[in-house]
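To start, the structure itself, in structure tokens.
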């Protein structure tokens, strides 16, 4: 295991989105997954650790995962990454927040629209493995997960696709129940069973446990 690379996850915002930061202790370069919608909490964590932001990755385009990204981009000159199929959701970010009673700033320009299989490097990982995009539509059209072995063990950032003993909602705009089940069974369940899963909300889990115990996923169909 590379002791220089740290993954730190903490809840952000009223809906307690799991924001994850992958950073190097030596270079202080950091890649962020789902910064959430509370700029004060996020920026204070970055300031205390003295981190230099390199990329903002988003598992999908819902306001609670991405609401503060425009401000972070402006203050840190850091690029925004999102799957192209969530472009419409992202463009309606302010409307999303208003529907749920949360003020949300208009979105900034997305710098990179990634696709399935996209390998993402970052400034803190010199010589280390990339983060791989796994497109997992179902919760939203562009919902994606990020897989890495950058710390020496397999880790999956599953967004709102897979949770501990649960799956993402599909009764929202662009949701599709059949697609989310297919995404999990035909893509995520091909990863190593010992993969640690860091979901978009709630506690961590392990992929092998979800294969056996998730009530929304029938083992007989795998």
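Read the figures in this text as sums done on the coordinates, not as results from a lab. It should be emphasised that the depicted structure is a prediction, and the values quoted were computed from it without experimental measurement. FYI the Cβ positions are ideal-geometry reconstructions off the backbone, even for glycines, and counts take in every protein chain you see.
Here are the numbers:
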{"item": "Mean separation of Cα contacts under 8 Å (6+ apart) over length of the range 62-168, as relative contact order %", "result": "20 percent"}
{"item": "Reciprocal of mean inverse Cα separation for the range 1-99 (Kirkwood radius, Å)", "result": "13.7 Å"}
{"item": "Rounded Å value of the spacing that divides the Cα centres of the range 158-194 and the range 1-65", "result": "23 Å"}
{"item": "GNM result for the chain, Cα springs below 10 Å: residue of 109, 206, 155 fluctuating most strongly", "result": "109"}
{"item": "Label point distance in nm, residue 71-residue 88, each placed 7 Å from Cα along Cα→Cβ", "result": "2.9 nm"}
{"item": "Percent antiparallel among DSSP beta bridges (both partners in the range 14-113, rounded to 5)", "result": "30 percent"}
{"item": "Relative exposure of 25, 53, judged by other C-beta atoms within 10 Å (fewest first)", "result": "25, 53"}
{"item": "Over the chain: Kirkwood hydrodynamic radius from C-alpha pairwise inverse distances, Å", "result": "17.3 Å"}
{"item": "Where labels lie 7 Å past Cα in the beta-carbon direction, separation of residue 149 and residue 26 in nm", "result": "2.1 nm"}
{"item": "The range 5-217, relative contact order in percent, only Cα pairs under 8 angstrom and at least six apart counted", "result": "15 percent"}
{"item": "Percent antiparallel among DSSP beta bridges (both partners in the range 5-217, rounded to 5)", "result": "65 percent"}
{"item": "Residue of 142, 50, 121 that the Gaussian network model of the chain assigns the largest fluctuation, springs spanning Cα pairs under 10 Å", "result": "50"}
{"item": "Most fluctuating residue given options 70, 108, 178, as computed from a GNM of the chain linking Cα atoms under 10 Å", "result": "178"}
{"item": "Neighbour-count ranking [beta-carbon atoms within 10 angstrom, fewest first] of 39, 81", "result": "39, 81"}
{"item": "18 Å cut-off, amide nitrogen to a point 7 angstrom out along residue 209 Cα→Cβ, residues in the range 144-185", "result": "153-168"}
